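Colleague: First the structure, then my questions, so here it is.
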Amino acid sequence: MLVKKLMILAVAAPFLVTAPLLVTPVSSAYAETARETSAIGLVEKLGTEAVNLLSNADVSADDKRVGFTKLIKTNFNMPLIGRFVLGKHWKKASKEQQAEFQSLFQQYIIVTYQKRIGDYAGENLKIVKATPLNKKEVLVNSQILRPKGPPIKLDWRVRNTKKGEQKIIDMIVENVSMALTHREEFSSVVSRNGGEVEGLLEKLRSHVSDAPK
Amino acid sequence: MISKKFKSTLVSSCVAIAMAGLLGGCATPPGDDTTNVTYNEVHDPIEPLNRYFFDVNNAIDAVALKPIAHIYRDALPEGVQESVSNFLHNLSQPIYFLNNIAQGDLDGAGDNMGAFFTNTFLGIGGLFDVAKLDTQNEDLGQTFAVWGISEGPYLVLPILGPNTSREAVGIVGEYFIDPANLVARNNDVANFALYRAAGNVVDFRSKSIESLDEIEKNSIDFYAAVRSLYRQNRKNLILDGKGEMTPLPDISFEMEDDQPASDSVSLLFEDDDATSKKASSIAN
């Protein structure tokens, strides 16, 4: 009898312990995990699609550019990043300059990162975890595993847009924010041209048109 | 007995420290001039001089350092290069140890001590990393940062490259207190610190050929890109890469007359409604 009682206890004990845990989580905690899971999904999907597209030798260079542009547009909140990158100079720029900057910045990003991803061969993206930063943002931690050398830490900052879609707003490589790096660089170019946004646009125009297609 | 050479380096270093202090003194924030809007973010009051040395350093790099780094990387077997790295890193463990103690990071200091003795004896003088403790670089500049000394203006030193004034003072101070240098000095090993520094430079440069080329090619202002990368990386090193949260810039939309806090890049922004509308019209 005692044995039977003990057995029941042994089986039931885990439930008794976990029961309060199962009851306490409120719906927000569930939403929290859903947010993290979808952010991880976003990064994972982007990683696979980008590598598949850019390392595929059968796809023509033009198609690669078109495909990659589409990937960037759908997964990154480019307008927001662009505005952050222009920083204080945004207000000074005219409507036309703002529009031209956004379009040039997008081309600049595509030219720069398409090459970078295309060069990565035999490297894998491993998602580590996702942590909520605040009500709107999630930080996805990942690693680039290289055939030799230690893994590179790569974090993705994902934020909900007004419409509730999740989009990437920053990539942080070994704790170095790419958005901030571009911002400080662009800001310096504007300052060196007497605080005129036109100087930056000029530089970007020539950089983008010089880039190998 | 202090040797004559040591005395002369002492004098020159004192001059260097005084210079750095002087430069720090000049760092009064400029007014609301448009060309200085980046001041608070980048803290680079002697930018023209820095740019000059940056160009000089790049020229030296192109004719001397980069070719050596290329030869070193391509001609020597990977195993040898790794051993050189290990050896140089092991040589620095005693100073990392001292810095970790000064920073109050006793766990880190313990790792430094363990790695040093294990690798020196079992790893044949540090040629092999037997301990595998993955110890980080800890220099005097980082210790100053932990003590609350602010980084001061950005400084590009001839040959030494990107620094902040705090780090520059740290480099000079470290030359004198580094146990490896002290041992070499007491045993009259000529130019030890110089060879060691050269080794460190070639080791670093050979590992960064591609990444630096890449940054140069993709940037529209190489100087500013390096400055930003350098400072962000320093912050990461000071936090020992294990800050609970990745340090993040505040990304949202700027408010009209909002002044950024002096030592951070935190910028307050307005709501993104207007922009997302504008943006969608551009994106399509």
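Colleague: Scan region A:174-207 residue by residue and report those that are farther than 14 Å from B:Pro249 by Cβ and of a type in the set (A, V, I, L, M).
Modeller: Of everything in region A:174-207, those that are farther than 14 Å from B:Pro249 by Cβ and of a type in the set (A, V, I, L, M) turn out to be A:Val189, A:Val190, A:Val197, A:Leu200, A:Leu201, A:Leu204.
Colleague: Related question: State which residue is farthest from A:Ser187 (Cα to Cα) when the search covers only region A:92-106 and only residues that are away from chain B (no Cβ under 11 Å) and buried (at least 18 other Cβ atoms within 10 Å of the Cβ).
Modeller: Going through the qualifying residues, I end up with A:Gln97.
Residues checked against (1) at pLDDT 90 or above; (2) in contact with a helix residue (DSSP H, G or I) (Cβ under 8 Å, 6 or more places away or on another chain); (3) of a type in the set (Gly, Ala, Ser):
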| residue | (1), (2), (3) |
| --- | --- |
| A:Asn77 | yes, no, no |
| A:Arg83 | yes, yes, no |
| A:Lys92 | no, yes, no |
| A:Lys95 | yes, no, no |
| A:Glu100 | yes, yes, no |
| A:Gln106 | yes, yes, no |
| A:Gly122 | no, no, yes |
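Rundown of residues vs (1) surrounded by 16 or more Cβ atoms within 10 Å (Cβ to Cβ); (2) in contact with a helix residue (DSSP H, G or I) (Cβ under 7 Å, 6 or more places away or on another chain), yes/no style:
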site	(1), (2)
B:Ala190	no, no
B:Tyr195	no, no
B:Asn200	yes, yes
B:Asp203	yes, yes
B:Ile209	no, yes
B:Asp213	no, no
B:Glu216	no, yes
B:Ser219	yes, yes
B:Ala224	yes, yes
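Colleague: Is one or more of the residues making up region A:173-192 open to solvent by less than 10 Å² (accessible area, probe 1.4 Å), touching a residue at least 24 places away in the same chain (Cβ under 8 Å), within 21 Å of A:Val140 (Cβ to Cβ) and more than 8 Å from chain B (Cβ to nearest Cβ)?
Modeller: no
Colleague: Also, quick follow-up: Only one of (1) over 18 Å from A:Gly82 (Cβ atoms); (2) more than 7 Å from chain B (Cβ to nearest Cβ) fails for A:Arg159. Which number is that?
Modeller: So A:Arg159 meets the others, but not (1).
Colleague: Here is a further query. Restricting the first residue to region B:70-88 and requiring it to be surrounded by 12 or more Cβ atoms within 10 Å (Cβ to Cβ), which pairs with a second residue that is of a type in the set (Phe, Trp, Tyr) meet a Cβ separation below 8 Å and a spacing of at least six or different chains?
Modeller: So the pair list comes out as B:Gln81/B:Tyr72; B:Ser83/B:Phe128; B:Asn86/B:Phe128.
Colleague: Condition first: touching a Pro at 6+ places or on another chain (Cβ under 9 Å) and in contact (Cβ under 8 Å) with a residue 24 or more places away in the chain. Now tell me which residues in region B:113-135 satisfy that. Show your work before the answer.
Modeller: Kept after step one, since they are touching a Pro at 6+ places or on another chain (Cβ under 9 Å), are these residues of region B:113-135: B:113, B:116, B:134.
Matches in region B:113-135: B:Phe116 only.
Colleague: Limited to region A:115-141, what total is found for residues that are touching a Lys or Arg at 6+ places or on another chain (Cβ under 7 Å) and in contact (Cβ under 8 Å) with a residue 60 or more places away in the chain? Steps first, answer last, please.
Modeller: Residues of region A:115-141 that are touching a Lys or Arg at 6+ places or on another chain (Cβ under 7 Å), as a first pass: A:123, A:132, A:136-139, A:141.
Narrowing the set further to residues that are in contact (Cβ under 8 Å) with a residue 60 or more places away in the chain leaves A:132, A:138.
Counting residues in region A:115-141 that are touching a Lys or Arg at 6+ places or on another chain (Cβ under 7 Å) and in contact (Cβ under 8 Å) with a residue 60 or more places away in the chain gives 2.
Colleague: For region B:172-191, enumerate the residues that are among the hydrophobic types (A, V, I, L, M, F, W, C) and at pLDDT 90 or above.
Modeller: Residues of region B:172-191 among the hydrophobic types (A, V, I, L, M, F, W, C): B:172, B:176-177, B:180, B:182-184, B:189-190.
Across region B:172-191, the qualifying residues are B:Val172, B:Phe176, B:Ile177, B:Ala180, B:Leu182, B:Val183, B:Ala184.
The values are calculated or read from the model by the stated rules, or taken from the named source; none is laboratory data. Model, not experiment: these values are computed from the prediction. We place every Cβ from the backbone using ideal geometry, glycine too, and count neighbours over all the protein chains shown. Protein only, heavy atoms only, side chains kept; ligands, DNA and RNA dropped before computing areas. Shrake-Rupley method; radii C 1.70, N 1.55, O 1.52, S 1.80 Å.
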